[in-house]
Amino acid sequence: MAEFLEESGGLESTTVGVYRTAATVKGGRRFSFSALIVVGDRQGRVGIGYGKANQVPPAIEKGQKNAKRQMRAFPLQDRTIPHEVEGRFGACRVRIVPASPGTGVIAGASVRAVLELFGVQDCLTKSYGSNNPKNLVKATIKGLEQLRSKELIESLRGRQLGMTEVEEMIQRGQSFMAAPEAEAVAAEAGDAVETNAESTSD
């Protein structure tokens, strides 16, 4: 569950995992904790951080500060991503595919934490290889680093690209989503007319 980190800046943080390690010393075992944190503003900026301490709360706090320093901006296309990407880190591969409005974020817990705080609301994902949460989060960031906006590609190529497949998909999805809303408004208007007619007859 995401928690607000800064009310003014709109930053939210999610704890992906807390890990415990033990070192055997003369007096017994000495425990230390580490935390993997994702911080984002749901507006196209996200970062990951890793903090270690002798207690869990200080480890989470260090991870949040580290994640804030690592935050970067990536391009968004409405509620999804501009194009399909695949990120790799270690033995992990994460493929992120844009989806039409209303799909939601189809992803595991680690990948979902990054995408939701990034601001994506509709996408499909598939992970291959290792399911280590640390590597999955880093592979997701590697994938987001490959995103390029339509405007950037047009400036690099020096030509107009026209409407992309993702834009067409978003447009079709929005038209389908608009139809039920219009029907609901019409139904409400019909109910209001019936109520007025009944009150007039009385």
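Some observations on this one:
- Too-long pairs where the Cα-Cα distance tops 30 Å, listed order kept, from 26/62; 26/65; 52/142; 62/150; 65/150; 126/150: 26/65; 62/150; 65/150
- Note that the range 141-146 has calculated 3J(HN,Hα) couplings of 5, 4, x, 5, 5, 7 Hz, one per residue in order, obtained from phi through the Karplus relation 6.51 cos²θ - 1.76 cosθ + 1.60 (θ = phi - 60°); glycine and proline are x.
- A Förster distance of 35 Å, applied to the separation of the beta-carbon atoms of residue 4 and residue 25, puts the FRET efficiency at 0.35.
- Label-to-label distance, residue 91 versus residue 131, with points set 7 angstrom from Cα along the beta-carbon direction: 1.3 nm.
- Kirkwood-based shape ratio for the range 1-99, expressed as Rg/Rh from alpha carbons: 1.09
- Other-chain or far-sequence residues with amide H under 5 Å of residue 85's (modelled H): 96
- ³J(HN,Hα), Karplus 6.51/-1.76/1.60, whole Hz, each residue of the range 29-43, x for Gly, Pro: 10, 10, 9, 9, 10, 10, 9, 9, 10, 10, 10, x, 10, 6, 10
- Summing Lys and Arg as +1 and Asp and Glu as -1 over all other residues whose Cβ lies under 12 Å from the Cβ of residue 59 gives a net charge of +3.
- Computed from backbone phi, the HN-Hα couplings of the range 128-134 come to 10, x, 5, 10, 5, x, 4 Hz, rounded to whole numbers (Karplus: 6.51 cos²θ - 1.76 cosθ + 1.60, θ = phi - 60°; Gly and Pro given as x).
- Mean-position separation - Cα centroids, the range 10-85 and the range 95-137, in angstrom: 17 Å
- Proximal charge balance of residue 34 [Cβ under 11 Å; K/R count +1, D/E count -1]: +4
- Approximating the spin labels as points 7 Å out from Cα along Cα→Cβ, the residue 56-to-residue 165 distance works out to 4.4 nm.
No lab work stands behind these numbers, since they all come straight from the coordinates. Every value quoted in this text rests on a predicted model; they were computed, and no experiment measured them. In this analysis, Cβ positions are derived from the backbone assuming ideal geometry, glycine residues included, and neighbour counts consider all displayed protein chains.
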